[in-house]
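Engineer: Handing you this structure, nothing more for now.
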Amino acid sequence: MDVDDLLIKPAGSRRHLSEWVGRLVGPLERPLEDISAGGWRKALPGDCRPPVDIRFERRKFLARTADGAWLVKFAGLADVGQRKLVRARLLADAGFAPPVAGLCHGFLVQKWVAARPMAPSELRHPAFIAHLGRYLAFRARSLPPPKTQGASIAQLCEMASVNTEEGLGSAAASRLKSRLRNAERFHAAILPVDTDNRLHSWEWLGEGARQFLKADALDHSSGHDLVGSQDIGWDIAGARIELGLTRDEQAELRAAVSENGWHPPDAELQEIFDLCYAAFQFGLWASAKSAAAPEDVHRLETAAARYASFLRNAIEGF
């Protein structure tokens, strides 16, 4: 049955998505609000309008009840949805993600937290870096291991070289290949875990004094892209680039991960992850323009340019 069929059914039908959600969270005060394809940005407080890549966005709705709003997002049927429900509850119970109501017919129902996205200065504050270290170590230690492994280090390096040549030219790609030529010797040191893969600044919510919540934390390590599940160094690279951390702040994060029970990669392998991460994100956001709405093209170009700048500076710095 198509998702739209679930919404077209008349109110009161047992096959209507709103009826299923209502059994979990109570009667809905209004019809489900479709917030797919970037529509969720309209529900954010303030003037936050981050870029979106609609090619990979799952169908999602906002359900409003007397007790507040709930995010209703398609997670998957059968075992796929159940595995994401387990992750969601583990993260919520540990205080890292919003509360979970349950799973209904493939849709995960999670509390919509009307918190503001965090400011850049907050994302680089020592208290947040310590929290992020706890979060990444918790994912590595406590979430179920991935069903399948993601891209190998050789595949990541090949992707980085291709994206760099397409975006920055052959000279930059040649220098990058020289830097990555010995990356495969780290193969045995890499331990794939259920990485977040989505540490972008707008995914973090500040709720109250020194309380931080992570949105969209369940399935990017099993997404339809090259990366998949990776060593925790991939998320440490994501934190540096997405949150604008300095090298010293990234070192603080690595120390926080270690202090919370998970060993991060050594500095040389971390540099490789940093380069590959930037190259992947550059290619991802540059290619997203093909499916974007006209009003989003500039946001996507700005995002791609930021990753290209990091990549260029990193390559020239060797």
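Engineer: List the relative contact order of the chain as a percent without decimals, with contacts defined as Cα pairs under 8 Å and 6+ residues apart.
Structural biologist: Details: 499 pairs, mean separation 54.5, N = 318.
In percent, rounded to a whole number, it is 17.
Engineer: Could you work out how far the C-alpha centroid of the range 230-260 sits from that of the range 113-134, in angstrom?
Structural biologist: Computed from Cα coordinates, the inter-centre distance equals 13 Å.
Engineer: Still on this structure: Let's test the formula: R0 of 41 Å, r as the Cβ-Cβ distance of Asn182 and Ala66. What FRET efficiency results, to the nearest 0.05?
Structural biologist: On the way: r = 60 Å, r/R0 = 1.47.
Once rounded, the FRET efficiency stands at 0.10.
Engineer: If amide H atoms are built 1.01 Å from N in the plane of the peptide, which residues on other chains or at least 5 residues away come under 5 Å of the amide H of Val193?
Structural biologist: Gln230, Asp231, Ile232
Engineer: Ranked from the most accessible area to the least, with a 1.4 Å probe and all protein chains present, what is the order of Thr195, Thr246? Show your work: numbers first, answer last.
Structural biologist: On the way: Thr195 0, Thr246 55 Å².
My answer, sorted largest first, is Thr246, Thr195.
Engineer: Where does each of Ser290, Ser174 land when they are ordered by accessible area, with a 1.4 Å probe and the largest first? Walk me through the numbers on the way to the answer.
Structural biologist: Details: Ser290 105, Ser174 70 Å².
Final ranking, largest accessible area leading: Ser290, Ser174.
Engineer: Any idea of Glu158's accessible area? Nearest 10 Å², probe 1.4 Å.
Structural biologist: Around 110 Å² of this residue is reachable by solvent.
Engineer: Here is a follow-up. So I have (1) 26; (2) 35; (3) 61, and one of them is percent of Cα pairs over 30 Å apart calculated from this model. Which one is it?
Structural biologist: Label (2) holds the value from this structure.
Engineer: With springs only between Cα atoms under 10 Å, which of Arg247, Arg198, Arg59 fluctuates most in a Gaussian network model of the chain?
Structural biologist: Highest fluctuation among the options: Arg247.
Engineer: Next up: Whole-Hz ³J(HN,Hα) for each residue in the range 86-101, computed from phi via Karplus 6.51 cos²θ - 1.76 cosθ + 1.60 with θ = phi - 60°, x for glycine and proline: what do you get?
Structural biologist: My calculation for the range 86-101 gives 4, 4, 4, 6, 4, 5, 5, 5, 7, x, 9, 9, x, x, 10, 8 Hz in order.
Engineer: Taking the chain as a Gaussian network, where each spring joins two C-alpha atoms under 10 Å apart, which residue of Ala308, Ala101, Ala114 fluctuates the most?
Structural biologist: Fluctuation is largest for Ala114.
Engineer: Please list the non-local residues whose amide H lies under 5 Å from the amide H of Gly223, H modeled 1.01 Å from N, same-chain partners needing a gap of 5 or more.
Structural biologist: Gly228
Engineer: On each of the three principal axes of the Cα atoms of the range 55-100, give max minus min coordinate, whole Å, ordered largest first.
Structural biologist: Ordered largest first, the range 55-100 gives principal extents of 31, 29, 20 Å.
Engineer: Over the chain, with a Gaussian network built from C-alpha contacts below 10 Å, which listed residue (Phe74, Phe138, Phe56) shows the highest mean-square fluctuation?
Structural biologist: Maximum among the listed residues: Phe56.
Engineer: Now, a different point. Which FRET efficiency value, to the nearest 0.05, do you get for Arg23 and Asp79 by plugging their Cβ-Cβ distance into 1/(1 + (r/R0)^6) with R0 = 22 Å?
Structural biologist: Numbers: r = 22 Å, r/R0 = 1.00.
After rounding to 0.05, the efficiency reads 0.50.
Engineer: While we're looking at this one, here's another question. Hey, what's the Kirkwood Rh for the range 49-192 if you take every pair of different alpha carbons, in angstrom?
Structural biologist: Details: mean 1/r = 0.0529 Å⁻¹.
After inverting the mean inverse Cα-Cα distance, the result is 18.9 Å.
The values are calculated or read from the model by the stated rules, or taken from the named source; none is laboratory data. Please read all numbers here as calculations on a predicted model, not as lab measurements. In this analysis, Cβ positions are derived from the backbone assuming ideal geometry, glycine residues included, and neighbour counts consider all displayed protein chains. Calculation scope for accessible area: heavy atoms of the full protein, side chains included, ligands and nucleic acids excluded. Shrake-Rupley method; radii C 1.70, N 1.55, O 1.52, S 1.80 Å.
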